[in-house]
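Worksheet for the structure shown next.
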Amino acid sequence: MRNYSWKTTAAAIVGIVTTILTLVVSPLLDNDPSTLPKYQEAISIVSASLVGFFTRDDDKSSEQVGAKK
């Protein structure tokens, strides 16, 4: 079983949720039809946040996360 790096995964989830709520959902709910969601910015930030799913925490060794065989 793989030992996941919970800190970087949690940071990635928080970054993705915050980005979606701020740049996509908030403009849709502000009752101003001239405000548009910022999809391009959201996509770039979400894709950068996805790195957290594949990054190892600093306190985890390669053996602990199954990277070294």
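Filter the trypsin sites (Lys or Arg not before Pro) in segment 1-44 down to the DSSP loop ones having no more than 10 other Cβ atoms within 10 Å, then list what survives.
Taking segment 1-44 and a limit of 10 other Cβ atoms within 10 Å, the loop trypsin sites (Lys or Arg not before Pro) found are R2.
Distance between the modelled labels on D30 and F54, one decimal in nanometres: 3.3 nm (7 Å Cα→Cβ projection). Computed with a 1.4 Å probe on the full set of protein chains, the accessible area for T35 sits at about 50 Å². Accessible area of L23 (1.4 Å probe, protein heavy atoms only, ligands and nucleic acids ignored): about 30 Å².
The values are calculated or read from the model by the stated rules, or taken from the named source; none is laboratory data. Predicted model only: the values in this text are computed from it and were never measured. Using ideal geometry, Cβ is built from the backbone for each residue, glycine included, and neighbour counts are taken over all protein chains shown. All accessible areas refer to the heavy atoms of the entire protein, side chains included, with ligands and DNA or RNA removed. Shrake-Rupley method; radii C 1.70, N 1.55, O 1.52, S 1.80 Å.
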